[in-house]
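The values are calculated or read from the model by the stated rules, or taken from the named source; none is laboratory data. All figures in this text were calculated on a predicted structure; none of them were measured in a lab. Don't worry about glycine lacking a Cβ; one is built from the backbone with ideal geometry, like all the others, and counts go over all protein chains shown. Note: areas computed on protein heavy atoms with side chains; ligands, DNA, RNA excluded. Shrake-Rupley method; radii C 1.70, N 1.55, O 1.52, S 1.80 Å.
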Amino acid sequence: MSSSINRRDWLKKSVLATAGISAASAFIQRAEASPIARQELYMSLSPEFQLERDYAHFAPAVQIRARLGANENPWGPSEKTKKALTDSLSESNRYAFKVRGDLMKVIAEKEGVPESHILLAAGSSELLTASMIAYGAKGKIICADPCYISGNEERIPMEKVPLTKDFQYDLSAIAGRLNGSQSLVYITNPNNPTGAILPIAELNAFIDKVSDKTPVLVDEAYIDYTKSPKAECAIEAVKAGKNVLILRTMSKLYAFAGLRVGYAIAKPEILKVIQPYTSGGFSVSVPSFVAAATAIKDVDFQKLTLEKTAESKQYLYDFLKKMDYSYIPSATNFVLFPIKMKGADLLAKLSAEGVMVRKWEFDHQHWCRVSIGTLDEMKIFTEAFTKVVS
Ligand SMILES: Cc1ncc(COP(=O)(O)O)c(C=O)c1O
């Protein structure tokens, strides 16, 4: 059975190679036309399914006690958001046109751009999927290795550029590789899985240099956790009319992972490229729209999340130092650190303790990525980690 699949794969690959098409390009062509392939791409880009893939081999027999694998916000949704959700239930018999418009206004005001520069969606995975299809059909997506999409080379035609020795983006190497065969530069900033942030001056200089010829997508899923999100994001490049597409999610700081709200910010010409592969925000429910508008204004909850994240992150840093483990300083709600065993072995052992994390392998090294949870969850993690590595 498996040898016949291997032979079939080999045959498929040779036919594609003869035709000059990579398997990933062929997949994107299918995803352009087929909702099933689009759904497969969406699932492979979604954190929940990535987690499922990591845990597929060792379904934990025990109850999950610390869910630290998908960078969710354990403190939310806020009380104000929950009230907005329940209050809006009585409006849920109506279609969402008005509340969708209300949220557009709130986002446009927050970002300081016209509403024509905003595209809503059910989470940023929908927008990312659409961007990969729209641009992947025209050429290669150039990205860092590792970054949020780098594990998806079977489905996305991509060119990967290693991070520097300090685990930072190598923007000059990326710029040096651009030769017309790439249709998009994809940048996760701050990066996932490393948590490192790219200084905005460097990113802006890079955008100035390359974006006339190759558009730049900046996936800012974690920008809200940085010291100064307004100053550190790429919004000024959008306002200056550059070919820049920013993706934002409400899944993290606003605790909307299950409510599903995300948006793109770009000039209308760019939004038009990806819009055909999205629902245009019409797949989001009335309660989610209403709650999102409330959550954006709920600065007290955002502040609380940032304070609690900083406290739990410091606890994790102190633990790792004490255990003689290094880590990459993180601007986000997760921390990546090198481990001294195989990632799959660590996951198997931690899952037996009821702890969920994620694993990576790059730079000839196995890594563990821990999402920042409540202090109680971090203690569960540190106790389990101590037990399984000793
Ligand atoms: C860098 C990055 N982009 C996009 C997403 C997708 O977020 P969502 O679909 O929940 O908005 C995630 C989720 O973890 C992420 O880490």
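Summary table below
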| read-out | value |
| --- | --- |
| Neighbour cut-off at most 13 other Cβ (10 Å), DSSP loop, chymotrypsin sites (Phe, Trp or Tyr not before Pro), region 64-170 | Tyr95 |
| DSSP-assigned coil residues among trypsin sites (Lys or Arg not before Pro) in region 99-169, each with at most 10 further Cβ atoms within 10 Å | Lys165 |
| 26 Å Cα-Cα threshold exceeded, pairs from Lys252/Lys387; Lys272/Lys297; Lys239/Lys297; Lys138/Lys359; Lys110/Lys242 | Lys252/Lys387; Lys272/Lys297; Lys138/Lys359 |
| Alpha-carbon centroid distance for the pair region 193-230 / region 148-187, whole angstrom | 14 |
| Fraction of accessible area attributable to carbon and sulfur, the chain (%, probe 1.4 Å) | 55 |
| Thr86/Lys340 FRET efficiency (R0 56 Å; Cβ-Cβ; nearest 0.05) | 0.70 |
| Fully extended contour minus Cα-Cα distance, from Ala348 to Ser172, at 0.36 nm per residue | 59.5 nm |
| Length added when fully stretched, Ala240-Gln63, from 0.36 nm per residue minus Cα-Cα | 58.7 nm |
| C-alpha center-to-center spacing [region 236-267, region 63-80] in angstrom | 21 |
| FRET E, pair Glu48, Asp212, Förster distance 35 Å, beta-carbon r, rounded to 0.05 | 0.40 |
| Accessible area of the chain divided out per residue, in Å², using a probe of 1.4 angstrom | 46 |
| Set of region 230-255 residues, backbone N closer than 17 Å to the point 7 Å along the Cα-Cβ line of Ser116 | 238-244 |
| Computed lengthening from Ala137 to Val389, 0.36 nm per intervening residue step minus Cα-Cα distance | 86.2 nm |
